[in-house]
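The values are calculated or read from the model by the stated rules, or taken from the named source; none is laboratory data. Predicted model, so just to flag it, every value in this text is computed and none were measured. Glycine gets a Cβ as well: all are built from the backbone with ideal geometry, and neighbour counts include every protein chain shown. Ligands, DNA and RNA are excluded from the accessible area calculation, which covers all protein heavy atoms including side chains. Shrake-Rupley method; radii C 1.70, N 1.55, O 1.52, S 1.80 Å.
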Amino acid sequence: QVQLVESGGGLVQAGGSLRLSCAYSGTIFNINGMGWHRQAPGKQRELVAGITRAGTTKYADSVKGRFTISRDNAQNMVYLQMNNLRPEDTAVYYCSAYRFGRQYEYWGQGTQVTVSS
């Protein structure tokens, strides 16, 4: 099993920044990809950013140029730096992970990000 614990959410004004952190633990030797998903009220959960063990990243078009995902394999941490936040970024953000050959299968409890206009 893999445990994921997010931190760093909160309330911020439009144009501001937040940094989300995710600590992962447990059976992690075969974890490949880590990511951040979000879910806004009435909407489906969507992938915001992902990063593989090798460091390959991908982003949703809506956050490209504003968000940066990074990971520290030695510290078992994943980060999401969010700049120039917009009200439409308001959502619950979930840290997620998957093993080699799998889809996202492990989830944190989520952290609320609220961006006021």
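In the complete set of protein chains, residue-level accessible area for V5 is approximately 80 Å², probe 1.4 angstrom.
For the chain, the carbon plus sulfur part of the accessible surface works out to 47%, probe radius 1.4 Å. Accessible area per residue for segment 1-81, computed on protein heavy atoms with a 1.4 Å probe, is 52 Å².
Rolling a 1.4 Å probe over the protein heavy atoms leaves S25 with an accessible area of roughly 60 Å². For segment 46-110, the list of chymotrypsin sites (Phe, Trp or Tyr not before Pro) that fall in a loop by DSSP and count at most 11 other C-beta atoms within 10 angstrom reads F100. Charged neighbours of D89, selected by a Cβ distance under 11 Å, balance to +2 (K, R count +1; D, E count -1). Under 1.5 on a/c is rounded, so check that first for segment 27-73, then, if it is not, pick prolate when a/b is larger than b/c and oblate when it is not; a ≥ b ≥ c are the square roots of the alpha carbon gyration tensor eigenvalues. The shape class here is oblate.
For segment 67-117, just say rounded, prolate or oblate: build the C-alpha gyration tensor, square-root its eigenvalues into a ≥ b ≥ c, call rounded for a/c under 1.5, and beyond that prolate if a/b exceeds b/c, oblate if not. Don't skip to the end; give the middle numbers.
Details: a/c = 2.55, a/b = 1.73, b/c = 1.48.
It is prolate, given that a/c is not under 1.5 and a/b is the larger ratio.
Charges at C-beta only: +1 for Lys and Arg, -1 for Asp and Glu. How large is the resulting dipole of the chain about its Cα centre, in Debye rounded to 20? Don't jump to the answer; show the numbers that get you there.
On the way: 12 positive and 7 negative charges, 40 e Å.
In total the dipole reaches around 200 debye.
Once all protein chains are placed together, S116 keeps about 40 Å² accessible to a 1.4 angstrom probe.
Computed from backbone phi, the HN-Hα couplings of segment 52-60 come to 8, 4, 7, x, 6, 10, 8, 9, 5 Hz, rounded to whole numbers (Karplus: 6.51 cos²θ - 1.76 cosθ + 1.60, θ = phi - 60°; Gly and Pro given as x). Hey, how many Å between the Cα centroid of segment 1-29 and the Cα centroid of segment 55-101? Centre-to-centre (Cα) distance: 9 Å.
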